[in-house]
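The values are calculated or read from the model by the stated rules, or taken from the named source; none is laboratory data. Fair warning: this is a prediction, and the values are worked out from it, not measured in the lab. Here the Cβ positions follow ideal geometry from the backbone for every residue, glycine too, while neighbour counts run over all protein chains shown. The accessibility values were calculated without ligands, DNA or RNA, using every heavy atom of the protein model including side chains. Shrake-Rupley method; radii C 1.70, N 1.55, O 1.52, S 1.80 Å.
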Amino acid sequence: HRLWCSQSRPETTHTACVVMFNPGSLSGTGDGLAKDDTLRILRSAIPPNTSTLILNLFTLATPDPSILFEQWDQRDCANFSIDRLRANVIDSVVWAYGDGGQDPKRNRIFGESVRARIASIRSALAGYPAVTLPEPLISKRGNPKHPKHWRLLRQIDNVKQAISRTQQQK
């Protein structure tokens, strides 16, 4: 279980919190962080003066969302508390959780729980400036797309600029 990980950079002056749907390499000891494709995309989309705090919606880390749903009763560790987030210095929040688990036709219970967790995290991060993602990075359901879509849709530079703008407005 892992609620978050961080990617620090030397001499950073900002920290962006990126809320995602259970990045897979956050499992185990975290040895796979350096080679994880999603985290590599994040490193390229975050301004050079910014460290990243990557936040999972749930603490069970798995590269395959279906495993999370198969082990739904284990989605959070016993001492899960979103309030621990407030101990981190955050300059901006990037929402990037996608549509995972929210299809009402598949399983209403998962969707309700995912939306409730998103609402809980949004509430905990309400005082922090949210990055406005480019329109192509918002799904038809209105959710912010996963970072892999940032690369597929050639939006990495636009995301980087949006994060920089948000940090400058603070």
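A few remarks follow.
- A probe of 1.4 angstrom, applied to the heavy atoms of all protein chains, finds residue 14 with accessible area near 40 square angstrom.
- Nonlocal Lys pairs with alpha-carbon distance under 30 Å, the chain (8 or more apart, or different chains): 14
- Rounded accessible area of residue 53 (nearest 10 Å², 1.4 Å probe): 10
- Here the peptides 127-134, 90-97 are ranked by packing, the mean other Cβ count within 10 Å, and the order with the highest first is 90-97, 127-134.
- The H on the amide N of residue 18, modeled in the peptide plane, is under 5 Å from the matching H of 53, 54, 55, 94, each at least 5 residues off or on a different chain.
- Accessible area of the chain belonging to carbon and sulfur atoms, whole % at 1.4 Å probe: 48
- Heavy-atom accessible area with a 1.4 Å probe sorts 139, 123, largest first, into 123, 139.
- Annotation: the chain has a Kirkwood hydrodynamic radius of 16.2 angstrom, from the mean reciprocal C-alpha pair distance.
- Ranked order, 154, 75 - accessible area, probe 1.4 Å, largest first: 154, 75
- Heavy atoms of the protein chains alone define the surface here; on that basis the chain has 53 Å² accessible area per residue at 1.4 Å probe size.
- Compactness relative to 2.2 N^0.38 Å, alpha carbon Rg of the stretch 70-170: 1.19
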